Amino acid sequence: MKKLDHLIEKAKSTIQEIGTAPIIKDYGQVLEVKDGVAIISGLSNVGYGEVVEFQNQVKGYVIDIDEERNGTIILGDYLGIKGGDLVFRLGYTLSVPVSKEMIGRVVNSLGHPVDGLENFTQTTNYPVEKIAPGVIKRKSVDVPLQTGIKVIDALVPIGRGQRELIIGDRGIGKTTLAVDTIINQKGQNVICIYCAIGQRNSKIASVIETIRENGAMNHTIVVSASASEPVSLQYLAPYTATAIGEYFMDQGKDVLIVYDDLTKHAWAYRQLSLILRRPAGREAYPGDVFYLHSRLLERACRLDEKYGGGSITALPIVETLEGDISTYIPTNVISITDGQIFLETDLFNSGIRPAVNIGLSVSRVGGAAQTKAMKKVAGKLKLDLAQYREMAAFSQFESELDEQTRQFLNRGARLTQILVQDKNQPLSLAHQVAIIYAAANGYLDKIEVTKVKESEERILSYLNQKGRRWLERVNKKNVIEEEDEVELKKLINEAL
Amino acid sequence: MKKVVIYSTYELSHQEIDKLVEKIPSLKNYQIVNQVDKSLIAGLVIKFADRIIDLSIKGRLNNISKKLYEET
């Protein structure tokens with residue numbers, strides 16, 4: 001009864017608020033309805049990016065203006081729209097409601113909850129399209145974003161505010177890599193946004209389940225535009241995710257956004273563009289497909305302290321076919337981002353997971369953000385692995401090798417093994433440093449390659465029991481000093 | 001001369017239209033066409049080439065229902 005009274009009260013106040021002023025609206029008429037797009041006549045004053053409303057209260061977004069007709073993409077169900085329907089101008093550009101309450105929730109491209117729980121009560125609106133912060137407001141990347149994945153934190157480190165592309169064929173762990181990174185942000189004061197574009201609903205559900213199982217939903221927002229939703233919503237999803245990210249960044253927080261994946265986003269945009277009869281270019285993508293992604297990823301940045309000091313780190317995912325990274329969308333996104341993590345099917349099949357191709361993966365700005373402790377151990381690792389790769393290619397044909405070469409190959413094989421990591425098990429900085437230190441300094445050289453994994457586990461569990469203080473200290477300081485190194489040596493020797 | 005359509009729930013008399021023109025002087029420049037639309041319940045809807053002035057009960061009710069829907 002109380003609820004009913006409350007609603008009646010609300011209705012009364014709403015009616016009073018509205019008053020008796022005449023309703024004046026600009027209107028046009030629907031000429032054509034196509035897949036996700038409506039062509040309308042009239043509305044001569046409408047601006048680009050403005051929102052219009054159809055007679056059945058579905059909203060539209062103007063992305064094409066002509067002398068007599070305008071193209072709008074339909075944000076929602078377009079089956080109820082008929083030719084000749086009236087279209088009203090709403091007079092504002094597209095924005096989404098954002099709120100603190102979104103954390104831990106699943107929303108659609110329009111910022112409305114789709115997880116069946118209650119609506120958000122306190123929201124502010126943020127524009128979906130926004131020009132990225134300029135050079136004055138920015139600061140170079142200098143704080144690390146720990147992914148918890150050894151191979152990435154050691155060899156392709158990511159900093160807060162960086163844009164790092166994850167690229168590779170289907171089904172070889174791109175999403176897993178991104179989700180692991182989200183899981184590892186537990187307690188790191190980073191708000192994560194997972195933006196699913198054109199994915200299967202079952203996959204989105206399983207990703208959410210994984211995030212929840214690992215207790216990472218308390219700092220995560222999922223923006224979902226699955227394959228069954230209209231392409232217009234798939235097209236908008238990454239911009240919405242970024243708008244939500246900007247809301248938190250403006251409060252000085254660090255944000256991580258995963259765009260999964262931008263290939264499907266480009267497909268959605270290609271479909272819209274072809275329906276709008278825009279000239280098609282290479283692979284039938286429209287001419288502005290580069291700008292489509294560059295304006296999105298440019299919004300990832302690290303703000304100067306004067307402007308709040310927040311950051312948005314972007315992890316876009318791009319899917320390749322047959323490992324071909326020289327096609328249109330992959331080359332575009334590679335050139336926009338600050339580096340890429342390249343995953344390879346052959347590596348994946350030979351059991352090296354995450355299947356990161358170290359030679360082709362780079363991080364152009366992350367090095368400045370790597371912690372001192374990691375820098376100390378990873379420098380040697382990088383060099384050893386590079387030499388190992390070179391020698392391994394040569395030595396396949398040689399039967400007799402000199403002692404030094406054999407030792408290199410030996411070490412390299414073990415280093416490759418310790419970079420293997422199970423999914424959904426991110427490691428803390430100190431754990432990573434300990435393992436890499438052990439391998440790079442030859443503590444594992446005497447152990448058979450197949451048993452490296454066991455020894456790694458032994459070291460980790462020994463550290464968890466006896467090396468607690470050491471772990472805490474290194475995780476806190478992010479540096480390895482001489483005495484830490486001595487103690488680590490002792491711990492590793494005891495563990496083995 | 002441009003046309004303007006006035007929708008009402010019954011056919012308006014000349015006096016009524018004249019009164020309306022008095023209230024909204026800009027209507028003088030248009031050729032006025034009157035059409036009956038019972039679904040308005042009461043009031044008027046004035047429709048220019050690309051602008052609509054809704055003075056009907058139907059429009060007002062729609063507005064209220066939309067506001068209420070958005071807020072709850």
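The values are calculated or read from the model by the stated rules, or taken from the named source; none is laboratory data. Please read these numbers as outputs of a predicted model, since none were measured by experiment. Positions of Cβ are generated from backbone atoms using ideal geometry, with glycine treated the same way; all protein chains shown enter the neighbour counts.
Residues that are within 24 Å of residue A:236 (Cα to Cα), within 12 Å of chain B (Cβ to nearest Cβ) and surrounded by 17 or more Cβ atoms within 10 Å (Cβ to Cβ): does the stretch A:45-57 have at least one? So far as the stretch A:45-57 goes, yes, one or more of its residues are within 24 Å of residue A:236 (Cα to Cα), within 12 Å of chain B (Cβ to nearest Cβ) and surrounded by 17 or more Cβ atoms within 10 Å (Cβ to Cβ). Annotation: of all residues in the stretch B:38-72 being exposed (fewer than 15 other Cβ atoms within 10 Å of the Cβ) and among the acidic types (Asp, Glu), the one that is farthest from the other protein chains (Cβ to nearest Cβ) is B:70. Has the stretch B:9-19 got at least one residue that is closer than 23 Å to residue A:87 by Cβ, more than 9 Å from chain A (Cβ to nearest Cβ) and either in contact with a Pro (Cβ under 7 Å, 6 or more places away or on another chain) or modelled with pLDDT of 85 or more (or both)? No, the stretch B:9-19 contains no residue that is closer than 23 Å to residue A:87 by Cβ, more than 9 Å from chain A (Cβ to nearest Cβ) and either in contact with a Pro (Cβ under 7 Å, 6 or more places away or on another chain) or modelled with pLDDT of 85 or more (or both).
With respect to the conditions (1) closer than 21 Å to residue A:142 by Cα; (2) touching a helix residue (DSSP H, G or I) at 6+ places or on another chain (Cβ under 8 Å), residue A:357 falls short on a single one, namely (1). If only residues of the stretch A:305-351 that are under 18 Å from residue A:364 (Cα atoms) and without any contact (Cβ under 8 Å) to a residue 12 or more places away in the chain are counted, the one that is surrounded by the fewest Cβ atoms within 10 Å (Cβ to Cβ) is A:335. The set of residues in the stretch A:244-296 that are aliphatic (A, V, I, L, M) and within 14 Å of the chain's Cα centre (by Cα) comprises A:244, A:255, A:256, A:257, A:258, A:262, A:296. Whether a residue is on the phi > 0 side of the Ramachandran plot, in contact (Cβ under 8 Å) with a residue 40 or more places away in the chain and either out of contact with any Ser or Thr (no Cβ under 8 Å at 6 or more places or on another chain) or in the same structural domain as residue A:199 (by TED's automatic domain parsing) (or both) was assessed, and residue A:283 passes this test. The single condition among (1) away from chain B (no Cβ under 11 Å); (2) crowded, with 17+ Cβ neighbours inside 10 Å that residue A:91 does not meet is (2). Would you check which residues across the stretch A:412-453 are among the β-branched types (Val, Ile, Thr), farther than 19 Å from residue A:157 by Cα and not in a loop (DSSP other than H, G, I, E, B) and list them? If the condition is that a residue be among the β-branched types (Val, Ile, Thr), farther than 19 Å from residue A:157 by Cα and not in a loop (DSSP other than H, G, I, E, B), then A:449, A:450, A:452 are the ones that fit. Candidates are the residues of the stretch A:456-496 that are β-branched (Val, Ile, Thr) and part of a helix (DSSP H, G or I); the one that is farthest from residue A:445 (Cα to Cα) is A:474.
Just one residue in the set A:270, A:278, A:295 is among the basic types (Lys, Arg), farther than 23 Å from residue A:96 by Cα, assigned to a helix (DSSP H, G or I) and assigned by TED's automatic domain parsing to the domain that holds residue A:193; that residue is A:270.
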